[in-house]
Amino acid sequence: MAVPSDKHTQAEIIERRDFSDDLWAIRLKAETPLKFTPGQYATFGIIDGEKVIERPYSIVSSPYEESLEFFLERVPEGGLTPRLHELQPGAKLVLRKVAKGRFTLDTQSGHKKHFMVATVTGLAPYCSMVRLLYQDWKEGKLPAGWQVVVLQGASHSRELGYREEFERYAREAPWLTYIPTISRPWEDPNWSGEVGRCEDILRKYSDQLNLAATDTTAYFCGHPEMIEKSKGILLRRGFPKESLREEQYWVQK
Ligand SMILES: Cc1cc2nc3c(=O)[nH]c(=O)nc-3n(C[C@H](O)[C@H](O)[C@H](O)COP(=O)(O)OP(=O)(O)OC[C@H]3O[C@@H](n4cnc5c(N)ncnc54)[C@H](O)[C@@H]3O)c2cc1C
């Protein structure tokens, strides 16, 4: 497959893992390796005749990994994701050679507390950040006093992709708290964890875990409505705008 421009490289799907009917993860091996900072996104897609259909996707893997990982949701009427969903290992994609985005860890403010809030695939950038922090911690490079709280919301527990991975890190790493929550517990009778949307329980956990406006940076990623409501809650709690970072995955109509 020829790439459509010198801004693109070819990437092969080398692994696929399905979480539910509409949620899955892929690993890509790019012909030209991509440099990135955790939290950034890559843009990839398919060639359709003369056109390239491509979209931005937050990178799940950490820069220590050899391949790139992504956490994807099929949007039923979408231009790209139904077609991506059909692809299996061996399929070729086109990938932009440059990763972009400013939704990265706040290492400037001096804040040691980081409150990361996601809906479903919005966990992707935090996964990259936490994988890197975990590795740093293992090597004794994580500065003392760091506290990372990850709140992931979904409708049902099967949509909480990467839950096992985060639970594993959280059991081991004293600096990490992971809170999965579902908003439709009546459709998920075996669920015994937290219930409610992220924005419903945000205030409770920021109080319980002492995530104060003076020492915490908050991050919101995914659903535009969650981002808007959550930001409002923390702004009313006195968080300055500079301490709130966001990555909105689509625009609410
Ligand atoms: C910086 C950035 C990072 C992103 N990272 C990820 C990621 O890691 N994983 C991921 O799955 N997506 C991510 N997205 C969304 C992704 O870029 C596409 O918008 C999404 O995959 C839909 O593409 P599509 O071509 O299938 O649908 P489109 O044809 O582009 O969109 C169809 C309609 O669906 C809306 N829409 C888009 N996504 C959703 C959604 N998840 N739920 C409901 N409605 C939606 C669009 O606004 C549009 O109205 C990211 C977006 C941005 C801006």
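The values are calculated or read from the model by the stated rules, or taken from the named source; none is laboratory data. Bear in mind that the values here come from a model prediction, so they are computed numbers and not experimental data. Note that each Cβ is placed from the backbone with ideal geometry, even for glycine, and that neighbours are counted across all protein chains shown.
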Output for the range 82-117, where each listed residue is within 10 Å of the ligand (Cβ to nearest atom) and either within 25 Å of Arg197 (Cα to Cα) or hydrophobic (A, V, I, L, M, F, W, C) (or both): Leu84, Phe103
The range 225-245 residues that are under 20 Å from Thr104 (Cα atoms) and in the same structural domain as Thr214 (by TED's automatic domain parsing), paired with ones that are modelled with pLDDT of 95 or more and part of a helix (DSSP H, G or I) (beta carbon under 7 Å, 6 or more apart): Met226/Cys198; Met226/Glu199; Ser230/Cys198; Ser230/Glu199; Ser230/Leu202; Leu244/Lys231; Leu244/Leu234
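Identify the residue in the range 206-253 that is among the polar types (S, T, N, Q) and within 16 Å of the ligand (Cβ to nearest atom) and, among all such residues, is farthest from the chain's Cα centre (by Cα). Full working, then the answer.
First, the residues of the range 206-253 that are among the polar types (S, T, N, Q): 206, 208, 210, 214, 216-217, 230, 243, 248, 252.
Keeping just the survivors that are within 16 Å of the ligand (Cβ to nearest atom) gives 248, 252.
Details: Gln248: 11, Gln252: 19 Å.
Restricting to residues being among the polar types (S, T, N, Q) and within 16 Å of the ligand (Cβ to nearest atom), the top hit is Gln252.
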Unique match (being surrounded by fewer than 16 Cβ atoms within 10 Å (Cβ to Cβ), touching a Ser or Thr at 6+ places or on another chain (Cβ under 6 Å) and not aliphatic (A, V, I, L, M)) among Thr32, Thr9, Thr37, Thr104: Thr32
Failed item in (1) touching a helix residue (DSSP H, G or I) at 6+ places or on another chain (Cβ under 6 Å); (2) farther than 28 Å from Phe166 by Cα; (3) among the hydroxyl-bearing types (Ser, Thr, Tyr), with Thr32 passing the rest: (1)
Test for Trp146: is it crowded, with 18+ Cβ neighbours inside 10 Å, on the phi < 0 side of the Ramachandran plot, outside the structural domain of Lys29 (by TED's automatic domain parsing) and not aliphatic (A, V, I, L, M): no
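Hey, could you check the range 55-81 for residues that are hydrophobic (A, V, I, L, M, F, W, C) and near the ligand (Cβ under 10 Å from one of its atoms) and say which is farthest from Tyr219 (Cα to Cα)? Lay out the reasoning, then the answer.
If we filter the range 55-81 for residues that are hydrophobic (A, V, I, L, M, F, W, C), which is where we start, we get 59-60, 68, 70-72, 75, 80.
Filter once more, keeping what is near the ligand (Cβ under 10 Å from one of its atoms): 59-60, 70-72, 75, 80.
Working: Ile59: 16, Val60: 16, Phe70: 19, Phe71: 18, Leu72: 20, Val75: 24, Leu80: 27 Å.
Of everything passing the filter in the range 55-81, Leu80 is farthest from Tyr219 (Cα to Cα).
With the condition kept exactly as written, say whether any residue in the range 42-54 is more than 13 Å from the ligand (Cβ to nearest atom), out of contact with any Gly (no Cβ under 8 Å at 6 or more places or on another chain) and touching a residue at least 12 places away in the same chain (Cβ under 8 Å).
Start the filter on the range 42-54 by keeping residues that are more than 13 Å from the ligand (Cβ to nearest atom), which leaves 47, 49-50.
Right, trim to out of contact with any Gly (no Cβ under 8 Å at 6 or more places or on another chain) and you get 47, 49-50.
Subset that is touching a residue at least 12 places away in the same chain (Cβ under 8 Å): 47.
Yes: one or more hits.
Return the only residue of Trp137, Trp175 being aromatic (Phe, Trp, Tyr) and closer than 20 Å to Leu211 by Cα.
Working: Trp137 fails: closer than 20 Å to Leu211 by Cα.
After ruling out the rest, the residue left standing is Trp175.
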Options Ser128, Ser109, Ser157; residue that is surrounded by fewer than 16 Cβ atoms within 10 Å (Cβ to Cβ), modelled with pLDDT of 95 or more and of a type in the set (S, T, N, Q): Ser109
Any hit, the range 177-196, residues being of a type in the set (Gly, Ala, Ser), touching a residue at least 60 places away in the same chain (Cβ under 8 Å) and more than 16 Å from the ligand (Cβ to nearest atom): no
